[in-house]
């Protein structure tokens with residue numbers, strides 16, 4: 001998700017964007033972050049100059065517990081994907097990976113993400129109350145795990161659902 005989208009999301013939520021930078025001494029990237037965030041927290045220490053998943057997770061978990069943000073976003077980098085699950089487990093915050101956008105529905109953030117294959121689809125829907133799969137292929141494997149399967153064009157189905165919802 002682009003930085004400008006984070007700012008728009010924060011405005012929708014009536015909150016501020018805080019960026020956190022874990023860095024070694026004499027890093028100047030914090031100045032660049034200030035263009036995109038209302039507040040920049042720079043945690044500068046020789047020990048965090050070299051990436052350490054456990055250390056980063058501990059630092060960020062303490063920060064999240066102290067600051068209690070409404071939403072925590074991190075870059076989809078190898079480091080972010082390494083410590084994000086541990087951070088979610090330590091803080092109790094939910095984790096959504098590969099986000100391409102976040103929408104607000106009734107005050108709740110809805111994560112939009114791209115799905116790539118059957119494994120990701122099944123993993124992404126695990127624990128959902130109701131799964132509706134739409135696919136042009138009548139034999140797609142996702143229909144075996146979905147509560148409802150619709151063999152049609154996604155955009156045709158979405159328009160029909162929108163119309164039905166408006167009349168309800």
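Taking the criterion of being part of a helix (DSSP H, G or I) and over 19 Å from residue 129 (Cα atoms), the residues of segment 142-164 that qualify are 154, 155, 156, 157, 158, 159, 160, 162, 163, 164. Scoring residue 139 on the criteria (1) under 21 Å from the mean Cα position of the chain (by Cα); (2) modelled with pLDDT of 80 or more; (3) over 23 Å from residue 15 (Cβ atoms); (4) not in a helix (DSSP H, G or I) leaves a single failure, condition (1). Can you spot a residue in segment 139-152 that is closer than 29 Å to residue 51 by Cα and not assigned by TED's automatic domain parsing to the domain that holds residue 49? There is no residue in segment 139-152 that is closer than 29 Å to residue 51 by Cα and not assigned by TED's automatic domain parsing to the domain that holds residue 49. Step by step: first the residues of segment 50-66, then only those that are more than 21 Å from the chain's Cα centre (by Cα) and surrounded by 12 or more Cβ atoms within 10 Å (Cβ to Cβ), then the one that is nearest to residue 77 (Cα to Cα). Which residue is that? The qualifying residue nearest to residue 77 (Cα to Cα) is 51. Quick one: would you say residue 157 is surrounded by 12 or more Cβ atoms within 10 Å (Cβ to Cβ), modelled with pLDDT of 85 or more and over 15 Å from the mean Cα position of the chain (by Cα)? When the stated conditions are applied, residue 157 passes them. Looking across segment 78-108 at every residue that is touching a residue at least 40 places away in the same chain (Cβ under 8 Å) and surrounded by 12 or more Cβ atoms within 10 Å (Cβ to Cβ), the one that is nearest to the chain's Cα centre (by Cα) is identified as 99.
The values are calculated or read from the model by the stated rules, or taken from the named source; none is laboratory data. Being a predicted model, the structure only gives us computed values, none of them experimental. Methodologically, a virtual Cβ is constructed for each residue, glycine included, from the backbone with ideal geometry; neighbour enumeration extends over all protein chains shown.
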